[in-house]
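Here's the structure we're looking at; comments come further down.
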Amino acid sequence: MIGIKIEIDQGQFQRLTAKLASFERQQVVHQTVHDTAVFMQGKMREYPPQISVTRAQAYGQTFQNDKQRRWFFAALRRGELTIPYKRTGHLADMWRVWEPAKNQAVLTNDTSYAGLVQERGKQSRMMTIIGWRTVSYWLQRYSSEIGRVALSNIRRWIES
């Protein structure tokens, strides 16, 4: 399983919302954390354009060993694999937002292979070549956008 935890620390929380009443403060923080998590969920669900990359191109050889080769052809005979590969969208569908507290949101994907596709340090060479982006890539790429989502939410709340 891989995931992202989004949380506003108490110091930032107090500075940003010092002028708001306690109830209002909780509402702003809750909505901001929720909107930020939903924004990142959308990014994590993005698939790269589908391209064909052979195992030989990614790893320099088709199979790493004879056991892997036997498994592949047995799975193909049993119908567990289809050639050519067709995307199911399952990885995207499994990104979930969970909110254990008003100032926290946890974005997770418990698909068994999620780490091999989207986690830095675990991502397979094949997924890197295909163009899959990691969680850390999306966080770095959209860190300023995450801040804008939060500020926009706070401004909207103050103006209403």
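So, in nm, how far is label L151 from label Y113 when the simple model puts each one 7 Å beyond its Cα toward the Cβ?
4.1 nm
Which trypsin sites (Lys or Arg not before Pro) does the range 56-95 hold that lie in a coil by DSSP with at most 10 other beta carbons within 10 Å?
Passing sites in the range 56-95 are K86, R87.
Could you run the Karplus curve 6.51 cos²θ - 1.76 cosθ + 1.60 with θ = phi - 60° over the range 39-55 and give me ³J(HN,Hα) per residue in whole Hz, x for Gly and Pro?
These are the phi-based 3J(HN,Hα) values: 4, 5, 4, x, 5, 5, 7, 6, 9, x, x, 6, 10, 9, 10, 7, 5 Hz.
State whether the range 45-90 is rounded, prolate or oblate according to the following rule on the C-alpha gyration tensor (a ≥ b ≥ c being the square roots of its eigenvalues): a/c under 1.5 gives rounded; otherwise a/b larger than b/c gives prolate, and the remaining case gives oblate.
The shape class here is oblate.
Taking the Cα centre of each part, how many Å lie between the range 125-160 and the range 24-63?
10 Å
Compute the length gained on full extension between S136 and F72: take 0.36 nm times their separation in residues and subtract their Cα-Cα distance, giving the result in nm to one decimal.
Working: separation 64, 0.36 × 64 = 23.04 nm, distance 3.14 nm.
So the extension gain works out to 19.9 nm.
Give the shape of the range 96-160 as rounded, prolate or oblate, defined through the alpha-carbon gyration tensor: a ≥ b ≥ c are the square roots of its eigenvalues, a/c under 1.5 means rounded, and otherwise the shape is prolate if a/b is larger than b/c and oblate if not.
oblate
Could you state the accessible area per residue of the chain in Å², with a 1.4 Å probe and every protein chain left in place?
66 Å²
Kindly state, to the nearest 0.05, the FRET efficiency for A92 paired with Q57, given R0 = 22 Å and r defined as their beta-carbon distance.
About 0.35, to the nearest 0.05.
Pop out the ³J(HN,Hα) list for the range 67-82 in order, Karplus 6.51 cos²θ - 1.76 cosθ + 1.60 with θ = phi - 60°, rounded to Hz; leave Gly and Pro as x.
Karplus-based 3J(HN,Hα) across the range 67-82 equals 4, 5, 4, 4, 4, 4, 5, 5, 5, 5, 5, 6, x, 6, 10, 10 Hz.
Taking all protein chains in place and a 1.4 Å probe, what share, in percent, of the accessible surface of the chain do carbon and sulfur account for?
Whole-percent figure for carbon plus sulfur exposure: 53.
Could you derive backbone 3J(HN,Hα) for the range 141-146 from the dihedral phi with the Karplus parameters 6.51, -1.76 and 1.60 (θ = phi - 60°), listing whole Hz in sequence and x where the residue is Gly or Pro?
4, 10, 4, 6, 5, 4
The values are calculated or read from the model by the stated rules, or taken from the named source; none is laboratory data. Please read these numbers as outputs of a predicted model, since none were measured by experiment. Positions of Cβ are backbone-derived with ideal geometry, glycine not excepted, and every protein chain shown enters the neighbour counts. We work out accessible area using only protein heavy atoms, side chains counted, and drop any ligands, DNA or RNA first. Shrake-Rupley method; radii C 1.70, N 1.55, O 1.52, S 1.80 Å.
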